[in-house]
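Colleague: Provided herewith is a single structure, encoded as C-alpha cells, for subsequent inquiry.
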Number of protein chains: 2
Amino acid sequence: METKFLVDQIKKKRSFLSIGLDTDIDKIPKHLLDTEDPIFRFNQQIIDETHDLAISYKINTAFYEVYGWKGWQSMQKTFDYIKTNYPEQFLIADAKRGDIGNTSLKYAAAFFDDLQADAITVAPYMGEDSVSPFLSYQNKHVILLALTSNSGAADLQLLKVDDKPLYEQVINKSLQWTNSQNLMYVIGATQPEHFKRIRALAPHHFFLVPGIGAQGGDLDAVCRNGMNDDIGLIINSSRGIIYASAGNDFAKAARESAKAIQAKMALYLSTC
Amino acid sequence: METKFLVDQIKKKRSFLSIGLDTDIDKIPKHLLDTEDPIFRFNQQIIDETHDLAISYKINTAFYEVYGWKGWQSMQKTFDYIKTNYPEQFLIADAKRGDIGNTSLKYAAAFFDDLQADAITVAPYMGEDSVSPFLSYQNKHVILLALTSNSGAADLQLLKVDDKPLYEQVINKSLQWTNSQNLMYVIGATQPEHFKRIRALAPHHFFLVPGIGAQGGDLDAVCRNGMNDDIGLIINSSRGIIYASAGNDFAKAARESAKAIQAKMALYLSTC
C-alpha cells in the first residue's frame with residue numbers, strides 16, 4: 001500500500017486507529033469454542049463490526065504460533081479475509097523479526113508475499129543488512145522498533161551513546177539506509193516525554209504507537225506531540241477493544257470501544 | 001535439558017557441533033520434491049545421517065514460515081522427529097523473538113511447550129521483561145543475541161556506551177536478571193577479536209556460535225579464545241553441511257562435511 005493511500009484513508013474515515021488482533025482462546029466467548037476455527041471466527045466478527053472505524057489491523061504472530069500450524073492457518077485466514085473483504089486496511093504483521101540477510105529475505109517473503117501484509121515490525125539489533133531485505137519491497141513498510149512501550153525499554157533503548165539515547169541512533173542510522181522512505185517506527189504511547197524529540201528526528205515518517213488502553217498510554221499527549229502534516233500516527237489498541245466484553249455481544253462491545261477512540265481521533269483531526 | 005547433560009553429551013560424542021536446518025526447497029535434491037513433505041523428508045535424512053556427530057540441531061523458523069502453515073507443520077514434524085528419535089539432542093529454535101511480556105509469554109509457550117525446543121534465540125532490544133518469560137522455564141535456555149556474525153552487527157552492537165560496546169551492556173545486564181543461569185549468548189564466529197573479552201564477561205555461560213562455513217568464521221580462533229572448563233561452545237554450521245551435495249548422495253555428503261568439523265572439534269577437546 002502506498003503511504004498516500006493510507007493518509008487518504010485516515011482523512012476519509014477520520015481515524016488513525018489500528019486494532020490489534022491478539023486473539024487468545026482463553027479470552028474469547030465460550031460459544032465460539034464449538035466452531036471449527038474459533039480464533040478465526042472471533043477475528044472475523046471483530047473485523048466485520050469495526051472495519052469502518054479503523055484504518056489498520058495489527059496481527060500479533062505470537063498469539064497464533066502458540067497454537068502451532070493450526071494457529072498459523074488461523075492467521076493466514078485472517079490476513080486473507082481482510083485482504084479480500086477490506087483491501088483498504090493497512091495490514092500489519094506484528095512479528096518483530098530480524099536476522100542475517102539470507103534469513104531476513106525468507107521472513108520478508110513469508111510476510112509480504114505469502115501473507116500479503118503491508119507492513120511488518122522489525123527489531124533493529126542486528127543492523128542494516130538484517131532490515132534491508134524488508135525495505136527492498138516497493139509499497140511495503142518496515143516498522144522498526146525504536147522506543148517501545150514496555151518497562152524493559154529503559155534497559156537498552158535509553159542508554160546513552162554520544163549523549164543521545166540509543167533509540168535516536170536507531171532512527172538516525174536507519175534514515176540513511178536505502179529505501180528509508182519505506183520505514184515507520186514503533187514508539188510506545190507510554191513514552192510521551194520523548195515524542196516531540198522523536199518527531200523532530202523523523203518529521204515525515206509514520207509512527208506505530210502501541211500502549212493505549214491496557215498499557216496506560218495517553219492518547220492526548222501522543223497526538224499533541226506526535227502528529228505531522230500527514231497525521232503520521234497509527235495508534236493501536238488490542239485488548240481494550242477486542243475483549244471489551246466476554247459475552248455474546250463481544251463484537252458489538254468491541255465496536256463501541258473502537259468508536260469511543262475514533263471519536264476522539266476525529267476531534268484531533270479536525271484541529272490539525 | 002539440563003546444562004550438565006549437554007556438557008556430558010559433548011564429552012561423550014567429542015563434538016560441540018550444531019547443525020542448522022535452514023532447509024530451502026530450491027536447494028534440496030529434486031527427487032525429494034515428489035514426496036508428500038519434501039522439507040521434512042530432507043531434514044529426516046540429514047538428521048539420521050548426522051546425529052552421532054552433532055549434539056544439537058538448530059531450526060531456523062524463517063525457512064519454514066516462508067511456506068505458511070504447511071511450513072510450520074514441516075517444522076513441527078522436524079522437532080517431533082528429533083525429540084522422539086534422538087532425545088539427547090539439544091534442540092534450538094532459532095527464532096530471534098522478543099516482545100512485551102504478555103506476548104513473549106505466548107512465544108515461550110509456542111516454542112518451549114508446543115514445539116518442545118530446549119532453547120530459543122531471543123533479541124535483547126526490548127529489555128528484561130521481554131526476555132524474562134522465556135527465562136522462567138526450568139531446564140530451558142534463552143540464547144540472547146549479543147554480538148552477531150553479520151556486517152550489520154557494527155551498526156548498534158559495537159556502539160560505545162560508557163566506553164564499552166553495547167553488546168557488553170547486553171551481557172552485563174542480562175547476567176543480573178532472574179534465572180540468568182538459563183542464559184546462553186549468540187556470539188558470531190566472524191568476531192574472533194572479541195571472544196576473549198566476552199569469555200571474561202561471562203566465564204560460565206555457553207555461547208552459540210554461528211558463522212562457521214558459508215559466513216567465513218574461523219573455528220580455530222573461536223576455540224582458542226572461547227572455550228571454558230565446560231567447553232562452553234556450541235558451534236553451528238548450516239549451509240556448509242546440509243547443502244554439501246545437491247545430488248542423491250546429499251545425506252552422506254552432509255555426514256562427511258559434519259565429520260570433518262567434528263574431527264577438528266575432537267582435537268580441541270583432547271587438549272582442554
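Colleague: Considering only residues that are in a helix (DSSP H, G or I), small (Gly, Ala, Ser) and more than 22 Å from residue B:168 (Cβ to Cβ), which ones fall in the stretch B:186-240?
Modeller: Selection gives B:240 alone.
Colleague: Anything in the stretch A:71-112 that is open to solvent by 30 Å² or more (accessible area, probe 1.4 Å), free of Cβ contacts under 8 Å to residues at least 12 places away in the same chain and within 25 Å of residue B:122 (Cα to Cα)? List them, or say none.
Modeller: Residues satisfying the conditions are A:102, A:106.
Colleague: Could you tell me how many of the residues in the stretch B:140-185 are in a strand (DSSP E or B), out of contact with any Ser or Thr (no Cβ under 7 Å at 6 or more places or on another chain), among the hydrophobic types (A, V, I, L, M, F, W, C) and under 17 Å from residue B:233 (Cα atoms)?
Modeller: Final tally of qualifying residues: 4.
Colleague: In the stretch B:23-48, how many are under 20 Å from residue B:76 (Cα atoms), open to solvent by 10 Å² or more (accessible area, probe 1.4 Å), touching a residue at least 40 places away in the same chain (Cβ under 8 Å) and not hydrophobic (A, V, I, L, M, F, W, C)?
Modeller: Qualifying residue count, the stretch B:23-48: 3.
Colleague: To continue, here is another question. Please find, among B:190, B:121, B:103, the residue that is modelled with pLDDT under 95 and over 24 Å from residue A:162 (Cα atoms).
Modeller: On the way: B:121 fails: modelled with pLDDT under 95; B:103 fails: modelled with pLDDT under 95.
It is B:190.
Colleague: Which is surrounded by fewer than 24 Cβ atoms within 10 Å (Cβ to Cβ) and either in contact with a strand residue (DSSP E or B) (Cβ under 9 Å, 6 or more places away or on another chain) or in contact (Cβ under 8 Å) with a residue 60 or more places away in the chain (or both), of B:171, B:120?
Modeller: Only one candidate passes the filter, namely B:171.
Colleague: Among the hydrophobic types (A, V, I, L, M, F, W, C) and touching a Phe, Trp or Tyr at 6+ places or on another chain (Cβ under 8 Å): is that true of residue B:175 in this structure?
Modeller: no
Colleague: Provide a single number: the residues in the stretch B:56-70 that are without any contact (Cβ under 8 Å) to a residue 60 or more places away in the chain and at the interface with another protein chain (Cβ under 7 Å from one of its Cβ atoms).
Modeller: Adding up the residues that qualify gives 6.
Colleague: Continuing with this model, one more query. Could you tell me which numbered condition residue B:53 fails, if it satisfies all but one of (1) open to solvent by less than 10 Å² (accessible area, probe 1.4 Å); (2) more than 13 Å from residue B:21 (Cα to Cα); (3) within 14 Å of another protein chain (Cβ to nearest Cβ)?
Modeller: The number of the failed condition is (3).
Colleague: Could you list, in sequence order, the residues of the stretch B:228-265 that are among the basic types (Lys, Arg) and either without any contact (Cβ under 8 Å) to a residue 60 or more places away in the chain or surrounded by fewer than 18 Cβ atoms within 10 Å (Cβ to Cβ) (or both)?
Modeller: B:239, B:252, B:259, B:264, listed by residue number.
Colleague: Right, another one. With respect to residue A:185, is the statement that it is touching a residue at least 24 places away in the same chain (Cβ under 8 Å) and open to solvent by less than 10 Å² (accessible area, probe 1.4 Å) true?
Modeller: yes
Colleague: Determine, yes or no, whether residue A:192 is of a type outside the set (S, T, N, Q) and surrounded by fewer than 23 Cβ atoms within 10 Å (Cβ to Cβ).
Modeller: Against the criterion (of a type outside the set (S, T, N, Q) and surrounded by fewer than 23 Cβ atoms within 10 Å (Cβ to Cβ)), residue A:192 qualifies.
Colleague: Can you tell me which residue in the stretch B:87-139 is nearest to residue B:21 (Cα to Cα), limited to those that are of a type in the set (Gly, Ala, Ser) and more than 7 Å from chain A (Cβ to nearest Cβ)? Walk me through it before giving the result.
Modeller: The initial filter retains those residues of the stretch B:87-139 that are of a type in the set (Gly, Ala, Ser), namely B:93, B:95, B:98, B:101, B:104, B:108-110, B:117, B:119, B:123, B:127, B:130, B:132, B:136.
Remaining after also requiring more than 7 Å from chain A (Cβ to nearest Cβ): B:93, B:95, B:104, B:108, B:117, B:119, B:132, B:136.
Values: B:93: 10, B:95: 12, B:104: 24, B:108: 21, B:117: 14, B:119: 15, B:132: 27, B:136: 27 Å.
Here the answer is B:93.
Colleague: Could you list, in sequence order, all residues of the stretch A:123-139 that are free of Cβ contacts under 8 Å to residues at least 60 places away in the same chain and in a loop (DSSP other than H, G, I, E, B)?
Modeller: If the condition is that a residue be free of Cβ contacts under 8 Å to residues at least 60 places away in the same chain and in a loop (DSSP other than H, G, I, E, B), then A:123, A:124, A:125, A:126, A:127, A:136, A:137, A:138 are the ones that fit.
Colleague: Now a separate question. If I filter the stretch B:141-166 down to residues being touching a residue at least 24 places away in the same chain (Cβ under 8 Å) and at the interface with another protein chain (Cβ under 9 Å from one of its Cβ atoms), which single residue comes out as surrounded by the most Cβ atoms within 10 Å (Cβ to Cβ)?
Modeller: Filtering the stretch B:141-166 for residues that are touching a residue at least 24 places away in the same chain (Cβ under 8 Å) and at the interface with another protein chain (Cβ under 9 Å from one of its Cβ atoms), the one surrounded by the most Cβ atoms within 10 Å (Cβ to Cβ) comes out as B:148.
The values are calculated or read from the model by the stated rules, or taken from the named source; none is laboratory data. All values derive from a computational prediction rather than experimental measurement. Glycine also receives a Cβ, built like all others from the backbone with ideal geometry; neighbour counts cover every protein chain displayed. SASA here: full protein model, heavy atoms, side chains in, ligands and nucleic acids out. Shrake-Rupley method; radii C 1.70, N 1.55, O 1.52, S 1.80 Å.
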